[in-house]
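Scroll down for the structure; my scribbles are underneath it.
FYI, it's all coordinate maths here, none of it is from the lab. Computed from a predicted model, the values in this text were never measured in an experiment. Here the Cβ positions follow ideal geometry from the backbone for every residue, glycine too, while neighbour counts run over all protein chains shown.
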Amino acid sequence: MSTQQIERKSIASRSFSLPHEVLDDPSLSMSQKRAILCEWASDACAVESMPALRLLPGTVMPVTLSAVIDALSQLDKRAARQAEEQAPRGIVLPLRRDLGGRGGVALG
């Protein structure tokens, strides 16, 4: 069994009752959180005869698909904020010559 398979099995064995518990778990990386939430949102976790509900393996109660999608949206926002915070500031980009500009434009 590869290290990735062991890691996935370890993550999958955790019990999360609600999607926001995945978001709030500090031991998981963004990609691990996304993988868990995407699995939860997948049709494979749909409750039979109730497609708006999802049941993650290892959980007891189903949650709504909209709650999982909302958690994925929150994760996207966190990732965007994190990327923005890590972006270098004060970069000067040259103007394109075909626009007749001279010099550069300061960003940041």
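Report, in cubic angstrom per residue, the convex hull volume of the C-alpha atoms of region 36-88.
Dividing the Cα hull volume of region 36-88 by its residue count gives 74 Å³.
So how do 48-58, 28-38, 76-86 stack up, highest first, on mean other-Cβ count within 10 Å?
Result, highest mean Cβ count within 10 Å first: 28-38, 48-58, 76-86.
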